[in-house]
Amino acid sequence: MGTAAAAGLPELIGRADARGLAAAGLACLDRCLPLLASADRATEVLRPVWAAVARGDGAAWGTALAKVRAELGDGTAGTAGALVHGMLAGAPADWAEGPLRTWAGECSGAALAVHEHYDAKPGIGLLRAGELRRQQAVLESAAHGPTGLRRARELSAEGGRVLRAVVARRARTA
């Protein structure tokens, strides 16, 4: 385990650049978006935002976010859905480290809360612990620039599948 892997989440967020911060917040949103949209729709709606992050294109970032907000609206789907809508609503239109750092930290907390909400065990259950590991891995991957974003997206897709499965299982047993 390297020093980056040993670093805590706040430290990783604190030293990330704008691209890493945008990727971290977007990845949290991406993993939780299945609570608001089907898997295919969630993937498609965020594709232009991920592309803007890969290019480091602040103008495209703001435009893509506006389209996602318009498509997904601002409704709530229970407590967890409200947290996901809050992540999307809080995304800064400006590509600047300060607002992106704040947003990445807020998304981190919201995503952990969503996962804790669905966890079988309160506190640090397996679902929340997995989300924490993914968040750290996304920040570490994003630190490698555009090439690390592929790994960040893979981690987000994996996390989204896990959350969808847990939510579906809970719905069947309810």
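State which residue is farthest from Ala37 (Cα to Cα) when the search covers only segment 116-147 and only residues that are assigned to a helix (DSSP H, G or I) and in contact with an Asp or Glu (Cβ under 8 Å, 6 or more places away or on another chain).
Only one residue tops the list, namely Leu126.
How do the pairs read when you match residues in segment 150-170 that are among the charged types (D, E, K, R) with residues anywhere that are surrounded by 14 or more Cβ atoms within 10 Å (Cβ to Cβ) and at pLDDT below 90, using Cβ under 8 Å and keeping only pairs 6 or more apart or on different chains?
Listed pairs, sorted by first residue: Arg164/Pro34.
Give the residue that is surrounded by the fewest Cβ atoms within 10 Å (Cβ to Cβ), with candidates limited to residues of segment 82-106 that are more than 14 Å from the chain's Cα centre (by Cα) and hydrophobic (A, V, I, L, M, F, W, C).
Once the filter is applied, the top-ranked residue is Ala96.
Name the pairs: first residue in segment 121-144 and in contact (Cβ under 8 Å) with a residue 60 or more places away in the chain and of a type in the set (A, V, I, L, M), second residue open to solvent by less than 50 Å² (accessible area, probe 1.4 Å) and outside any helix (DSSP H, G or I), Cβ to Cβ under 8 Å, at least 6 apart or on different chains?
Sorted first by the residue in segment 121-144, then by its partner, the pairs are Leu139/Ala16; Ala142/Ala16; Ala143/Ala16.
For segment 59-81, enumerate the residues that are assigned to a helix (DSSP H, G or I), modelled with pLDDT under 90 and surrounded by 14 or more Cβ atoms within 10 Å (Cβ to Cβ).
Answer for segment 59-81, where residues must be assigned to a helix (DSSP H, G or I), modelled with pLDDT under 90 and surrounded by 14 or more Cβ atoms within 10 Å (Cβ to Cβ): Leu72, Ala80, Gly81.
The values are calculated or read from the model by the stated rules, or taken from the named source; none is laboratory data. For clarity, every value in this text was computed on a predicted model and none was experimentally measured. Neighbour counts run over all protein chains shown; Cβ positions are idealised from the backbone, glycine included. Side chains are part of the model used for accessible areas, which takes the heavy atoms of the whole protein and leaves out ligands, DNA and RNA. Shrake-Rupley method; radii C 1.70, N 1.55, O 1.52, S 1.80 Å.
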